[in-house]
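*Asks:* Below is the structure I would like to discuss, written out as structure tokens.
Every number here is computed from the coordinates shown, using simple stated rules; none is lab data. Model, not experiment: these values are computed from the prediction. Glycine also receives a Cβ, built like all others from the backbone with ideal geometry; neighbour counts cover every protein chain displayed.
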């Protein structure tokens with residue numbers, strides 16, 4: 001949902017996992033009188049999970065949408081360069097595609113990515 005639609009809705013709080021340096025707009029909160037007027041709460045990003053989700057998103061964009069180097073990835077790289085590079089590596093290795101073909105559960109996929117990321121550090 002876009003930030004403006006959320007703000008105008010009756011939903012009082014927004015929780016998000018990962019920053020979106022390309023199209024995210026939570027940074028606009030409080031920038032105008034209207035965006036200061038309503039009592040709205042924003043929480044995020046979620047440490048640890050942010051890198052995992054962004055890496056998975058990059059993997060999909062590179063593997064399926066064939067976006068290896070475009071403005072979206074460049075903007076995301078400004079925020080979490082290691083997640084972008086890791087996502088590209090996942091796409092190149094076919095890691096997530098292989099897990100999907102095996103029917104691997106999302107919980108196992110998330111744990112596997114978390115382990116791979118932590119072994120890089």
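*Asks:* Give the angle, between 0 and 90 degrees and rounded to the nearest 10, that separates the Cα long axis of helix 49-63 from the longest principal axis of the Cα atoms of the chain.
*Replies:* 60 degrees
*Asks:* Another question about this same structure. If I model a spin label as a point 7 Å beyond the Cα along the Cα-Cβ vector, how far apart are those points for residue 31 and residue 15 in nm?
*Replies:* 2.6 nm
*Asks:* Defining a contact as two alpha carbons under 8 Å apart and six or more residues distant in sequence, what relative contact order in percent does the chain show?
*Replies:* Relative contact order comes out at 24 percent.
*Asks:* Run the Debye formula on the Cα coordinates of region 49-120, all scatterers equal and no solvent, and tell me log10 I(q)/I(0) at q = 0.13, 0.14, 0.19, 0.21 1/Å.
*Replies:* Cα-only, vacuum Debye calculation for region 49-120: -0.33, -0.38, -0.70, -0.85.
*Asks:* Right, here's the next one. Taking the 0 to 90 degree range and rounding to the nearest ten, how far is the long axis of helix 106-120 tilted relative to the main principal axis of the chain, both from C-alpha atoms?
*Replies:* Once rounded, one gets 80 degrees.
*Asks:* Take the alpha carbon atoms of region 17-56, find their center, do the same for region 79-95, and report the distance between the two centers in whole angstrom.
*Replies:* Cα centroid of region 17-56 versus Cα centroid of region 79-95: 22 Å apart.
*Asks:* For residue 102 and residue 89, calculate 0.36 nm times their separation in residues minus their Cα-Cα distance, and state this gained length in nm to one decimal. Write out the running numbers ahead of the final one.
*Replies:* Values: separation 13, 0.36 × 13 = 4.68 nm, distance 1.96 nm.
Difference between extended and current length: 2.7 nm.
*Asks:* Given a 10 angstrom Cα cut-off, can you work out which residue in 16, 86, 60 is the most mobile in a GNM of the chain?
*Replies:* 16
*Asks:* Still on this structure, please answer the following. Please compute the Kirkwood hydrodynamic radius of the chain from all pairs of different C-alpha atoms, in Å with one decimal.
*Replies:* Result for the chain, one decimal place: 15.8 Å.
*Asks:* When the chain is fully extended, how far beyond the present Cα-Cα distance does residue 6 get from residue 68, taking 0.36 nm per residue of separation?
*Replies:* 19.2 nm
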